[in-house]
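Trainee: Pasting a structure below so you can have a look.
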Amino acid sequence: MQESKSIWFNGELVPWHEAKVHVLTHALHYGSGVFEGIRAYPTARGPAILALEEHVDRLFLSCKVIELQIAWDKAEIRDAIVETVRANGHDSCYIRPLAFRGYGELGVMPNNNPTELIIASFPWGSLHGNEAIENGIDVGVSSWRRMAPNTHPAMAKVTGNYVNSSLVVAEALANGYQEGIVLDIDGFVSEGSGENIFLTYQGDVYTTPVSASILPGITRGIAMQLLTDRGVVVKEQRFAREMLYYADEIFLTGTAAEITPVKSVDKRIVGDGKVGELTRSLQNEFFGIVRGEAEDRHGWLTIV
Ligand SMILES: Cc1ncc(COP(=O)(O)O)c(C=O)c1O
């Protein structure tokens, strides 16, 4: 990890190495935190934070799901995020807000533990690297399942959920893939360990619905909007694993992964093995907007 100067910690910027917690912090034991992953892109007008409002809104929804109270309102958190990026002097960066149950009692549902809030920012390239953005990645269907809807709150970005993601990635890497695709409890496709999934087949575009235990991704929303703007109807529906083998194009969306093409699934080549036309043009449009080279017609950018 490339370190930055400061981390916003409960209302003030502190030096990177001084942002510390007690070992009996509740979230360390029970996964009782919620977080966001946000990106700021370099533009001619300075760093631009992508979809700041949407990310902070999702942070609050995640808090609501696990009944985590935070002492700052949405506007204060948006301002704190901008302040952190500015203080660290980044041209571009990844931003990690995290709210969590702090130190106090160790009961699973404590009454009096304070909620802590941190915002870190640091330089981070695309999750799977530039080569992945350019030429795509090889993925495999995981033997792990996404959490069933009556187990963990998959729609909330809760720290404890990410045990599932880390198991999926570990297995994928051990099997020689760059990412794992996870099925839901009923065996339908859900998403990647940290990305939503889209595919095209015979001219139609599909993505998995919220009811398939996905995290409703902000980048997924952006991709759907860009496709809708082109008059493409995105079919949000559950689909079987075989659709991954039938598909003409597959791409993954996420703040960390951006728009990453998939070139094979379970060693079966997607389409002709090259990045598909729709995927490439969507990438071009996405990167054009976030880098300030194309009109930000949906108001997704916050210039720092
Ligand atoms: C499990 C999971 N699914 C999907 C996504 C993509 O969401 P977003 O586009 O909001 O980054 C992420 C990344 O945050 C994730 O962790």
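Trainee: With a 1.4 Å probe and every protein chain left in place, work out the accessible area per residue of segment 6-122 in Å², rounded to a whole number.
Mentor: Details: 5480 Å² over 117 residues.
Averaged over the residues of segment 6-122, the accessible area is 47 Å².
Trainee: Rounded to two decimals, what is the ratio between the C-alpha radius of gyration of segment 130-290 and 2.2 N^0.38 Å? Working shown, then result.
Mentor: On the way: Rg = 14.4 Å, N = 161, 2.2 N^0.38 = 15.2 Å.
Dividing the Cα Rg of segment 130-290 by 2.2 N^0.38 Å gives 0.95.
Trainee: So how exposed is Met155, as accessible area in Å² (1.4 Å probe, rounded to 10)?
Mentor: 110
Trainee: Please list, in chain and number order, the residues 5+ apart from Asp248 or on another chain whose amide H is under 5 Å from its amide H, with Hs placed from the backbone.
Mentor: Here Thr200, Tyr201, Gln202 satisfy the definition.
Trainee: What list of ³J(HN,Hα) couplings, whole Hz, do you get for segment 269-276 from phi and the Karplus terms 6.51, -1.76, 1.60, once you set θ to phi - 60° and write x for glycine and proline?
Mentor: Once rounded to whole Hz, the list reads 5, 7, x, 9, x, 9, 4, x.
Trainee: Could you tell me the distance between the Cα centroids of segment 1-80 and segment 165-226, to the nearest Å?
Mentor: Result: 24 Å between the Cα centres.
Trainee: Determine the share of segment 130-290's accessible area contributed by carbon and sulfur atoms, expressed in whole percent, with a 1.4 angstrom probe.
Mentor: On the way: 3380 of 6500 Å².
Carbon with sulfur: 52 percent of the solvent-accessible area.
Trainee: Sticking with this one: Quick one: if you take sqrt(5λ) for each eigenvalue of the C-alpha gyration tensor of segment 59-165, what semi-axes come out, biggest first, whole angstrom? Walk me through the intermediate numbers first.
Mentor: On the way: eigenvalues 158, 120, 24 Å².
Gyration-tensor ellipsoid for segment 59-165: 28, 24, 11 Å.
Trainee: Taking the square root of 5 times each eigenvalue of the Cα gyration tensor, what semi-axes in Å does the equivalent ellipsoid of segment 121-180 have, largest first?
Mentor: For segment 121-180, the ellipsoid semi-axes come out as 24, 17, 9 Å.
Trainee: Can you pull the accessible area of Arg230 for me, 1.4 Å probe, Å² to the nearest 10?
Mentor: Roughly 100 Å² of Arg230 is accessible to a 1.4 Å probe.
Trainee: Would you compute the Debye intensity of segment 6-122 from its alpha-carbon atoms alone, equal scatterers and no solvent, and pass along log10 I(q)/I(0) at q = 0.17, 0.18 Å⁻¹ to two decimals?
Mentor: -0.82, -0.90
Trainee: Tell me, what is the FRET efficiency for Tyr245 and Arg280 to the nearest 0.05, using R0 = 22 angstrom and their Cβ-Cβ distance as r?
Mentor: Details: r = 21 Å, r/R0 = 0.97.
According to the calculation, E is roughly 0.55.
Trainee: Here's something else I'd like to know. For a quick check: with amide H placed at 1.01 Å from N, whose amide H comes under 5 Å from Leu127's, ignoring anything fewer than 5 positions away on the same chain?
Mentor: Ala257, Glu258
Trainee: Quick one: 3J(HN,Hα) in Hz for segment 4-19, Karplus 6.51/-1.76/1.60 with θ = phi - 60°, rounded, Gly and Pro as x.
Mentor: Each residue of segment 4-19 in turn: 10, 6, 10, 10, 6, 9, 6, x, 9, 7, 10, x, 2, 7, 9, 8 Hz.
Trainee: Follow-up. Using only alpha carbon pairs under 8 Å that are at least six residues apart, calculate the relative contact order of the chain and give it in whole percent.
Mentor: Details: 637 pairs, mean separation 61.6, N = 304.
The normalised contact order for the chain reaches 20 percent.
Trainee: How far is the Cα center of segment 264-286 from the Cα center of segment 125-163, in Å?
Mentor: Their Cα centres are 18 Å away from one another.
Trainee: Remind me, relative contact order of segment 130-290 in percent, using alpha carbon pairs under 8 angstrom and six or more residues apart?
Mentor: Working: 322 pairs, mean separation 41.5, N = 161.
The normalised contact order for segment 130-290 reaches 26 percent.
Trainee: Return the inverse of the average 1/r over all pairs of distinct C-alpha atoms in the chain, which is the Kirkwood hydrodynamic radius, in Å to one decimal.
Mentor: On the way: mean 1/r = 0.0500 Å⁻¹.
About 20.0 Å, per the Kirkwood formula over Cα pairs.
Trainee: Could you report the accessible area of Arg78 in Å², rounded to 10, computed with a 1.4 Å probe on the protein chains as they sit in the structure?
Mentor: 70
Trainee: Applying the Karplus parametrisation 6.51 cos²θ - 1.76 cosθ + 1.60 with θ = phi - 60° to the phi angles of segment 94-110, what ³J(HN,Hα) value in whole Hz is obtained for each residue in order, glycine and proline being reported as x?
Mentor: Rounded to whole hertz, the list is 9, 10, 10, x, 9, 10, 8, 6, x, 8, x, 9, 10, x, 4, 10, x.
Trainee: Right, another one. On a 1.4 Å probe surface of the protein chains, which of Val168, Val210, Val233 comes out largest in accessible area, and what is the full order? Could the numbers behind the result be given before it?
Mentor: Details: Val168 0, Val210 50, Val233 110 Å².
Of Val168, Val210, Val233, the descending order of accessible area is Val233, Val210, Val168.
The values are calculated or read from the model by the stated rules, or taken from the named source; none is laboratory data. This one's a predicted model, so the numbers in the text were calculated from it and none came from an experiment. Every residue, glycine among them, receives a Cβ derived from its backbone with ideal geometry; neighbour counts consider all protein chains shown. We work out accessible area using only protein heavy atoms, side chains counted, and drop any ligands, DNA or RNA first. Shrake-Rupley method; radii C 1.70, N 1.55, O 1.52, S 1.80 Å.
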